1. Regarding Lys140, is this residue at negative phi, under 13 Å from the mean Cα position of the chain (by Cα) and not assigned by TED's automatic domain parsing to the domain that holds Ile11?
2. Can you tell me which residue among Ile110, Ile56, Ile11, Ile106 is over 20 Å from Ile142 (Cα atoms) and not small (Gly, Ala, Ser)?
3. List the number of the failed condition for Thr92; all other conditions in (1) closer than 14 Å to Thr25 by Cα; (2) in contact (Cβ under 8 Å) with a residue 24 or more places away in the chain hold.
4. I'd like to check something: does the stretch 4-15 contain any residue that is assigned to a helix (DSSP H, G or I), within 24 Å of Glu132 (Cβ to Cβ) and not aliphatic (A, V, I, L, M)?
5. So which of Leu87, Leu40, Leu34 is under 24 Å from Lys131 (Cβ atoms) and more than 16 Å from the chain's Cα centre (by Cα)?
6. Out of the stretch 13-27, which residues are surrounded by 12 or more Cβ atoms within 10 Å (Cβ to Cβ), without any contact (Cβ under 8 Å) to a residue 40 or more places away in the chain and out of contact with any helix residue (DSSP H, G or I) (no Cβ under 7 Å at 6 or more places or on another chain)?
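The values are calculated or read from the model by the stated rules, or taken from the named source; none is laboratory data. Remember, it's a predicted structure, so these values are computed and weren't measured experimentally. Ideal geometry is used to build each Cβ from the backbone, glycine not excepted, and the neighbour counts take in all protein chains shown.
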Amino acid sequence: MSLKDQIGEDIKSAMKAKDKIRLETVRSIKKVLLEKEVELRGKGKDILTTEDEIEILVQQAKQRRDSIEQYLQANRADLADKEKAELEIIETYLPAQISDEELDSIITNIITKLEAKTAKDLGKVMRVAMKELKGKADGKKIQDLVKFKLS
């Protein structure tokens, strides 16, 4: 079942269950997917690839994480809690996140393979790491680990 079909089914079940937060979140995901699809049609592409869908979900999750951080800084725990609930729902559609040990191992292998030694190599390591780990780990976490290993 494609992500679009899964979202459609989840909208129906959220409506039946009267789960307002899930319904709003899933509808917002559907909206972004449709907008991206329309944008791609102008470029001669018919449908979203799995990579496109994951990229959209990663962006949505990142937006929620940023919002949570800002709301907590502004002492708005009520809004942060809502964003956390939405983030949990979005994460159910993303590929399973890898463990910290796996992430460390993958980053170490990439650094070894690219023969990166200093912080000057951060860009080339990040390009490979983000491509390989797209949707499997948080970009900020990847960046922090790469910076640590190259310092």
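1. Yes, satisfied.
2. That would be Ile11, the only listed residue that is over 20 Å from Ile142 (Cα atoms) and not small (Gly, Ala, Ser).
3. (2)
4. Of all residues in the stretch 4-15, those assigned to a helix (DSSP H, G or I) come to 4-15.
Okay, now just the ones that are also within 24 Å of Glu132 (Cβ to Cβ), so none.
Scanning the stretch 4-15, I find no residue that is assigned to a helix (DSSP H, G or I), within 24 Å of Glu132 (Cβ to Cβ) and not aliphatic (A, V, I, L, M), so the answer is no.
5. Numbers: Leu87 fails: more than 16 Å from the chain's Cα centre (by Cα); Leu34 fails: under 24 Å from Lys131 (Cβ atoms).
None of the other options fit; the residue is Leu40.
6. Ser13, Asp19
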